[in-house]
Every structure is written in structure tokens, then in C-alpha cells.
Amino acid sequence: MAVLKPFRGIRPTREIAEKIASRPYDVLNSQEAREEAKGNEYSLLHIIKPEIDLEQDVDIHSNIVYNKAKENFNKFLQNGWLVQDNKEHIYIYAQTMNGRTQYGIVGGASVDDYLNGVIRKHELTRPDKEEDRMKHVRINNANIEPVFFSYPAHLELDRLVKEYADSNVPEYDFVADDGISHHFWVVKDEKVTKRIILLFNEIPYTYVADGHHRTAAAARVGEEKRKNNPNYQGDEEYNFFLAVHFPHNQLTIIDYNRVVRDLNGLTSGEFLKKLENGFCIEEKGTDIYKPDKLHNFSMYLEGKWYSLTADKNIYDDNDPVGALDVTILTKQVLAPVLDIKDLRRSERIDFVGGIRGLEELKKRVDSGETKVAFALFPVSMKRLIRIADTGNIMPPKTTWFEPKLRSGLIIHSLDDHPAKLY
């Protein structure tokens, strides 16, 4: 059964929480982070994207960048912008988007649960990105950003969480620039805390929704610390990492799309001809076309939108992974036609979250940065759980959850003594 541990969160003061809160490190590039943090010395981006405080040509994986993260984290602590709670708590983090609210339980997830498969994943990680996050965790001795988990909806647990939120004033409550509302509570009622933990222990498995690299990095750092501690007991804070858990029926997955830099030496006509093997192709003109069902794709090429509907003989809906549209696109187009066989490492393909809209795909192609773009129909939460439960792995960049967690509302120290950092 899944473990949920209370901890002494490191949090911003109420007055500056909105200024500290930022988008996650991996949804914006360095230049976007520079712009977003401009004029805001409180932004967590100074810690999670510390290159914004260095020369623009700095190698973002160099030691100077990680050291800058530690320096900035220490600065936030010394200035009193981030303060650690006196007692261990469970926390509640809710988000409202388009009139819908999802309620997350914030607590320490167990390294052992990750190693033993109680925490289930649906994507592989890239070694370079995993190592990057490990360095960030090591040098700060903290999980600066939470991971985004889901669990099978539990009627009593979910009702208890919502009732507590409805009957208590949130610690933080603000609307971000993107229109998404963020609400955060510290659960100070010990009876409620104990009940939440007890009910959570009835959850058989949790699922990594967003943050596979952060999850893997946190678990590996925990393992390292165990090996380096001859007096290891198992209850040390580094055996847990920061996670926000949402019931599966409250979450929304949107499309995660692809852009490709070239046509592998083919002309547009030759490329379209090859696509006829496996797809019914319909030209849609210059107006943006969005897929309206599974196995239907949108493609943008040389100023025109196309509908691509996969032939039924090229997939099997009984195959959890093979029936995914990302798998169909890879096996039918990306690998055999465009010669992109390793999506995790190829520099000829990029991935665009659906929150940016299909206009972003059009922009990438029209600018000449890429040659062709593909939009996909979103994966369901039910299919994600089925894949994770069967031990299968989705292709890279299959799911995009929205809204994203805001980073900076809470931080988890791995030794519970952040003052040791400076």
C-alpha cells in the first residue's frame, strides 16, 4: 500500500507566495525563464533555472549553474522569503482551471515505494535529464519542486480532503498570469492528518503523472544517501520526496504534439505519397484542424493542414501501447519514413505541449524552424493507468497534464535542517 508522510515544509511567507511561485523548470526554456523572472527577485526560477542569473551563453549543465542554484536557495532562506514549518504537516494544493477544481494531497512519497513498484510509471527517463535533476537535488539537499502523482479515486479520502479545504481559509490563494487559480492549505488538525494518512494507506498504487525525471532523481539520491550512511535507519527524511497526489478522476490530459525539422530528404509530394500507406489523407486547407477522435491526426505541412486517419489494419486496440496514437505515428511515420527511431535522443524532433495551442505548431513550421508538425488526440487517464498496471511504457512525451503545478509553494528538505545549507 502507498505511503504518505507528513513533513516540515519550507514555504514562502503569505505576502510573497504569489511572487515566488513559478512554472516548473521543464516547461520553459532559459530565455523564457529570464523574461518571466525579470524584475521579480522572489521568483523560484532563480533557483530552478539559475542560469537566468548568469551569462546567456553559460552551459546550463555546468557546475557554476548548480552552485548558483544553491547560492540562490540559501539567499531565499537567509532573507526569510522561505521559512520552515515548526511541525510536520500534510498539505492540500488545489487548482482551478476553466471552472474545474482538482484537489491534491501534498506529502512525502516513499523512495521504497518507487523502488518496489508501488509508485508506477508510464514513461522511460533520459539519463542526461535524470542526472541533471540529481545534481540539483544533491547540491540543494532538497526537493525544490514537487512531482505530480495520481491515485485511484477514493471516495472517503477525496471527500475528507475537499471538506477540509471548503471549511478552512487557504494559506495561499491567488490567480496566476495564465488565469489558473492556486489554493494551498496547511492541515493543522491532527485528527484530519491522521485520517488522511490512514485512508491513503488503503491506496494500492500511485502513478507518476508528470515528473518522471524528478521522481527517478529523488529516488536515486535517496539510495545514494542510504549507502553513505552507516547508521541508516529507514526513517531519515531522504527516504521520502515531495509529491502532490490527485485522484485520477479529477485530472485532465491534453494533447502532446510533435514537430520535425526535415522530411529526411523527401519532397513534400513524396512524403505525402508515403503516408498513403496506412492513412486516409484529407486536405483541410489553411484553417487550423484539430483531431477530433482517437487514431485521427492533424498534420501541418507547407502552409496546409491535413487530416490523417489511421487504417484499422495498422493497430490493435487490445494492445495497450500499440494502440496509442503516439505509437502509431512513430511506427508508421517517424521511424520508417522520417528515420527518427529514438525519440528520446533524436535532435530532429521536438515536442510541443497542447497548452500552447496548434497555433504554435503552425508558427514553428511557417518560421522554417521545422518542416512538418503533427497534432494528436489526448490519451485518457484510464489508458495511462492500464499501461502502468501492465508494466508497459508509453513512448516519450505522450501525456501533457494541465494545469501544471506551481513550483515554490512548498519545498522538502532531505535532512530537515535547511539552515545547514548556509
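Summary of values
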item	result
Ellipsoid equivalent to region 137-199 - semi-axes via the Cα gyration tensor, in Å	23, 19, 14
Low-density loop cleavage sites - trypsin sites (Lys or Arg not before Pro) in region 260-312, where at most 14 other Cβ are within 10 Å (DSSP)	Lys293
Centroid-to-centroid separation of region 270-300 and region 94-169 [C-alpha atoms, Å]	36 Å
Antiparallel %, DSSP beta bridges [both residues in the chain], to 5	90 percent
Euclidean distance between Cα centres, region 174-205 to region 309-350, Å	38 Å
Rule-of-thumb Rg ratio for the chain [Cα; 2.2 N^0.38 Å; N residues]	1.02
Theoretical gain in end-to-end length, Tyr232 to Asn67 [0.36 nm per residue, Cα-Cα removed]	56.6 nm
Theoretical FRET efficiency, 1/(1+(r/R0)^6), r = Cβ-Cβ of Gln78 and Asn313, R0 56 Å, to 0.05	0.30
Length gained when the stretch Glu347-Glu156 is fully extended (0.36 nm per residue, less Cα-Cα span)	64.1 nm
Over region 255-398, relative contact order from alpha-carbon pairs under 8 Å, at least 6 apart, %	39 percent
Options Ala153, Ser110, Thr398, ranked by Cα towards positive dipole end of the chain, top entry (Cβ charges)	Ser110
Residue among Phe401, Phe351, Phe184 with the largest mean-square fluctuation in a Gaussian network model of the chain, springs linking Cα atoms under 10 Å	Phe351
Farthest toward positive dipole pole in the chain [+1 Lys/Arg, -1 Asp/Glu at C-beta], among Val259, Ser167, Pro204	Pro204
Value of D in µm² per second that Stokes-Einstein yields for region 255-398, Kirkwood Rh from Cα pairs, at 4 °C (1.567 mPa s)	85 µm²/s
Rounded to whole Hz, the Karplus (6.51, -1.76, 1.60) HN-Hα couplings of region 297-314, x for glycine and proline	10, 10, 10, 10, 8, 6, x, 10, 9, 10, 9, 10, 10, 5, 5, 5, 7, 9
Charge dipole of the chain about the Cα centre (unit charges at C-beta), most positive-ward option of Asn249, Asn239, Gly9	Asn239
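All of the numbers you see were taken from the coordinates with simple rules; none came from a lab. Quick caveat: nothing in here was measured; it's all calculated off a predicted structure. We place every Cβ from the backbone using ideal geometry, glycine too, and count neighbours over all the protein chains shown.
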